[in-house]
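Notes to accompany the following structure.
The values are calculated or read from the model by the stated rules, or taken from the named source; none is laboratory data. None of these values were measured; they are calculated from a predicted model. Cβ sites come from the backbone with ideal geometry, for glycine too, and all protein chains shown count toward neighbours. We work out accessible area using only protein heavy atoms, side chains counted, and drop any ligands, DNA or RNA first. Shrake-Rupley method; radii C 1.70, N 1.55, O 1.52, S 1.80 Å.
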Amino acid sequence: MTQTHTRAADRTPSGDPAHDGGAPEQDEQTRERATGHGAATASTPGAQRRVLVVEDDLTIVEAIAARLRAEGFLVQTAADGPAAVETAASWHPDLLVLDVMLPGFDGLEVCRRVQAQRPVPVLMLTARDDETDMLVGLGVGADDYMTKPFSMRELVARTHVLLRRVERATVAATTPRPGSVRLGDLEIDRTQRRVRAAGKDVHLTPTEFDLLMCLARSPRAVLTREQLLAEVWDWADASGTRTVDSHVKALRRKIGAERIRTVHGVGYALETPPGFAAEPPVARQAPVEG
């Protein structure tokens, strides 16, 4: 059974105004309404898109639901694992904002069961800044994660990014593209968004596929964390570069750690075996190693 809450709140209870750059969130919302930005109209990016927020803390779920509704999203909430799976099956949300720690069964199990029903982007919330938890979440099908306390503005931005990625993937699946990208025994089918490594199919989340494709466009070229964050997540804030690191680690587990080279203090590069030709790289500037 789901819960729907209507009391307005602007941030997680453990949040700090300084965490949002020092400007109170309510003041920001007032300015948005005064200028016409953030209003729930048919022209807003989130208009009529469904978001299921799964969180057992009443204050946090009310804050998230109120802010997403202000952005034009349709929002349902659930306070435990079984209710989340039931609501996802009957309501068919476009995106889940999902806490890890839940009554009934945890968010990881919710993610597994929901993804088994139908693919849906998942933004995972965790109270623990533990990279192992983050990697497990990414491994069961989550697309992104945020650690509490978090900025409501960042949560909204990442919600829009995940939904735009789904839209781009839908367009890409119906747009003819010239063949596949092959880098040694790594094959990336851009049309079907499928990957094979050493002759075996590899299941990647939408975010992992986009990250791999971004690296594959310029094999052996070093891309900074900031470049990857901007191109894959559409998020230009350097505070999110740890998200890049965790997704790279998750991707390495699936395609092989040796395929992605770390350039410490700079970023990452997709390695290719000697003697294998790749597609002509996309022109871009990348930092020179060393």
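Within segment 86-99, the residues that satisfy the criterion of being more than 14 Å from LEU123 (Cβ to Cβ) and either assigned to a strand (DSSP E or B) or open to solvent by 20 Å² or more (accessible area, probe 1.4 Å) (or both) are GLU86, ALA89, SER90, TRP91, HIS92. Just one of the numbered conditions (1) aliphatic (A, V, I, L, M); (2) part of a helix (DSSP H, G or I); (3) open to solvent by 20 Å² or more (accessible area, probe 1.4 Å) is not true of LEU102: (2). Summed over segment 78-103, the residues that are within 19 Å of the chain's Cα centre (by Cα) and β-branched (Val, Ile, Thr) give a count of 2.
Condition check ((1) of a type outside the set (D, E, K, R); (2) over 20 Å from VAL120 (Cα atoms); (3) assigned to a helix (DSSP H, G or I)) across all residues:
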| position | (1), (2), (3) |
| --- | --- |
| GLU187 | no, yes, no |
| THR191 | yes, no, no |
| CYS214 | yes, yes, yes |
| GLU226 | no, yes, yes |
| GLU231 | no, yes, yes |
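Among the numbered conditions (1) modelled with pLDDT under 90; (2) surrounded by 16 or more Cβ atoms within 10 Å (Cβ to Cβ); (3) closer than 22 Å to ARG182 by Cα, the only one that SER246 does not meet is (3).
Of the residues making up segment 196-212, those that are in a loop (DSSP other than H, G, I, E, B) and in contact with an Asp or Glu (Cβ under 8 Å, 6 or more places away or on another chain) are ALA198, GLY199, THR205.
Of all residues in segment 63-76, those that are under 12 Å from ARG50 (Cα atoms) have Cβ atoms under 6 Å from Cβ atoms of residues that are part of a helix (DSSP H, G or I), 6 or more apart or on another chain, in GLU71/VAL156; VAL75/ALA65; VAL75/LEU68; VAL75/ARG69; GLN76/THR87; GLN76/TRP91.
Residues that are in contact with a Cys (Cβ under 9 Å, 6 or more places away or on another chain) and open to solvent by 10 Å² or more (accessible area, probe 1.4 Å) were ranked within segment 175-233; the one that is nearest to GLY267 (Cα to Cα) is GLN227.
In segment 64-77, which residues are in a helix (DSSP H, G or I), over 18 Å from the mean Cα position of the chain (by Cα) and within 16 Å of MET124 (Cα to Cα)? Within segment 64-77, just ALA65 meets the criteria.
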